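The values are calculated or read from the model by the stated rules, or taken from the named source; none is laboratory data. The structure displayed is predicted, hence computed values, not measured ones. Using ideal geometry, Cβ is built from the backbone for each residue, glycine included, and neighbour counts are taken over all protein chains shown. Just the protein is used for accessible areas: all its heavy atoms, side chains included, with ligands, DNA and RNA removed. Shrake-Rupley method; radii C 1.70, N 1.55, O 1.52, S 1.80 Å.
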Amino acid sequence: MIRSFRLRITAWYLAFFSLLFVLFGIFLYGVLSNALESRLDETLSSQASTAASLFQDELVEMQGDVPKAASEAVSEMRLQGSTVAIFDGNHMLAASAPVPHPGFEAIAAQASAASNPEVVLPVPHFGRNGARAAVHRMTAAAAPAGPSYLILAVEPLDSIAASLQVVRRVLFFGLPFLLALAGIGGYWLTTRSLAPLTWMAEQAHKITGSNLETRLSIGNAADELAVLAASFNELLSRLDQSFESMRRFVADASHELRTPISVIRGEADVSLSHDRAAGEYKESLSIILDESRRLSRLVDDLLNLARADAGYVRLQPQDFYFNDLLADCCRSVQALASARNIELEWRCAGDVPFRGDEELLRRLVVNLLDNAIRYTPPGGKVSAILEARGPDVRIRVADTGIGIGADAAPHVFERFYRADKARSRADGGFGLGLAIVKWIAESHNGAVELSSQPDSGSVFTVTLPR
Ligand code: ADP
């Protein structure tokens, strides 16, 4: 098996070329030998009929002296390579050659059996290469009922065989020469056409994680290779983007982790700096506990998103009633809403059976309710509505809160994005809640939409196919 692409293409090209050359040689040889033979046949036919008409004239002139007329007629012929002979039955009257070939008699016998007055015969057993013979049968015009004569024009195929041998030699010795030329040409052509590929490979070789923004230069490569380079460049762009978002994720995550850790360290440092009253230790420990809880929530969220990215999270679908789930979630945040003096109401139109990962969907609803309560000022209202429409289940969480500006709306589902940084952080948010909502909705083949007016509230709508 040839490993080199260049050699492989050249080999295929050569194989194809040789086949073509051999077929062409056979065709050419066939056409040539046919043409030479039919030209010979025509010449012999015309020689035979010329000799016949001369013989006819001589018969009149010699007044019936048949042998004389025959030898006169034959001697008047101008011949090159061929021999003309006149037969009376099986008896040769005259021949243009001094010593005619003994095969002539046999040809005459064969020809007299033929029904046509004019025939052209192959004579295989004649000399080295066989011969062709044209035969003309006639009777004397003066005695139509008299004997019939045969006029033979015979020529051995030696000169045709010699010409064909030259052609055979040319073809035979030309083949290796042409193949060598074609091979060199083919190899040169493939090398030339593959050069951009080598050049692209060299460029690709230099691209690593640290210079993913580099692109392959296409130059004036052929269209097919330009397509390859363009696809490779698109792949690089996608890789670059996902590398970039990974880098950002890690940077954001470290940044978020730093705050609670420095609070914990600071509290511990201050508490341990000198002896304090029990109340002060208690206060510090409760701050440390709060921050640790925050920290573990953040780590949980990060872990979940990282697992989701890596495709490790397997949904655990089960059958449940979505109306029960919504009611449970609303009850669990009721205390938070009351503490903030926010009215919380929920509505479902009867039983809504659903199959999905109950734990994750609970998380989705709680995240939306939690946000709605946190971003709604006291005295506001949060409502959760569950609808079963056709093949979909729709959960709408609406609030009368601060709303989201048009510039922030496209980003709220991004990781670590916060429209209102100070408020979000003060409320313990990391900017991961909606990213998790989006991921859960999408992993159930659903989607989440936001419609919001700054200062008059937001509505998050999750649509999940059943
Ligand atoms: P966070 O933990 O900061 O709340 P989220 O991913 O849940 O993170 O939300 C991203 C940002 O979207 C929030 O920081 C907030 O600015 C905005 N946001 C989310 N929900 C609401 C809402 N119901 N009303 C107003 N703004 C919201």
message: Bins of 5 Å, beginning at zero and ending with the bin holding the largest distance: percent of Cα pairs per bin for segment 346-412, please.
response: 3, 14, 20, 24, 18, 13, 7, 1
message: Which three numbers, in whole Å and largest first, are the semi-axes of the equivalent ellipsoid of the chain derived from its Cα gyration tensor as √(5λ)?
response: 114, 29, 16
- request: Return the carbon/sulfur percentage of the accessible area of segment 310-466, one whole number, probe 1.4 Å, all protein chains in place.
  value: 48 percent
query: For helix 66-76, what angle does its Cα long axis make with the longest principal axis of the chain, in degrees from 0 to 90 and rounded to 10?
result: 50 degrees
message: What do you get for the angle between helix 358-374 and the principal long axis of the chain? Use alpha-carbon atoms, 0 to 90 degrees, nearest ten.
response: 50 degrees
message: For segment 5-164, compute Rg over Rh where Rg is the Cα radius of gyration and Rh is the Kirkwood radius from the inverse mean 1/r over Cα pairs.
response: 1.24
message: Let me understand segment 223-309 better: what is its radius of gyration from the alpha carbons, and its Dmax, in angstrom?
response: 22.6, 80
- prompt: Regarding segment 14-86, what are the three Cα extents along the principal axes, ordered largest first, in Å?
  reply: 72, 15, 14
message: Compute the helix-to-body angle for 5-61: its Cα long axis versus the longest principal axis of the chain, expressed 0 to 90° and rounded to tens.
response: 20 degrees
task: Calculate what fraction, in whole %, of the accessible area of segment 4-102 sits on carbon and sulfur atoms when a 1.4 Å probe is rolled over the protein chains.
output: 63 percent
field: Cα→Cβ-extended label distance, 7 Å offset, between Ala230 and Asn90, nm
entry: 8.8 nm
Unit charges at the beta carbon, dipole of the chain: most positive-side option, Ala278, Ala48, Val123: Ala278
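Suppose every Lys and Arg Cβ carries +1 and every Asp and Glu Cβ carries -1, with no other charges. What dipole size does segment 38-146 come out with about its Cα centre, to the nearest 20 debye?
Result for segment 38-146 is approximately 420 debye, rounded to the nearest 20.
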query: With θ set to phi - 60° and the Karplus curve 6.51 cos²θ - 1.76 cosθ + 1.60, what are the ³J(HN,Hα) couplings of segment 166-173 in order, to the nearest whole Hz, using x for Gly and Pro?
result: 4, 4, 4, 5, 4, 5, 5, 7
statement: Put Cys329, Cys348 in order of accessible area, largest first, probe 1.4 Å, and you get Cys348, Cys329
query: Based on the Cβ-Cβ distance from Arg128 to Arg6, what FRET efficiency comes out when R0 is 51 Å, to the nearest 0.05?
result: 0.55
message: For a quick size check, give me the Cα extents of segment 318-465 along its three principal axes, largest first, whole Å.
response: 40, 29, 24
query: How much accessible area per residue does the chain have, in Å², with a 1.4 Å probe?
result: 58 Å²
- prompt: Near the amide H of Arg132, under 5 Å away, which other amide H atoms are found, from residues 5 or more places off or on another chain, if H is placed in the peptide plane?
  reply: Val123, Glu155, Leu157
- line: Note on segment 56-107: C-alpha Rg/Rh, Kirkwood Rh, two decimals, gives 0.97
message: Taking the Kirkwood radius as the inverse of the mean 1/r across Cα pairs, report the Rg/Rh of segment 133-178.
response: 1.51
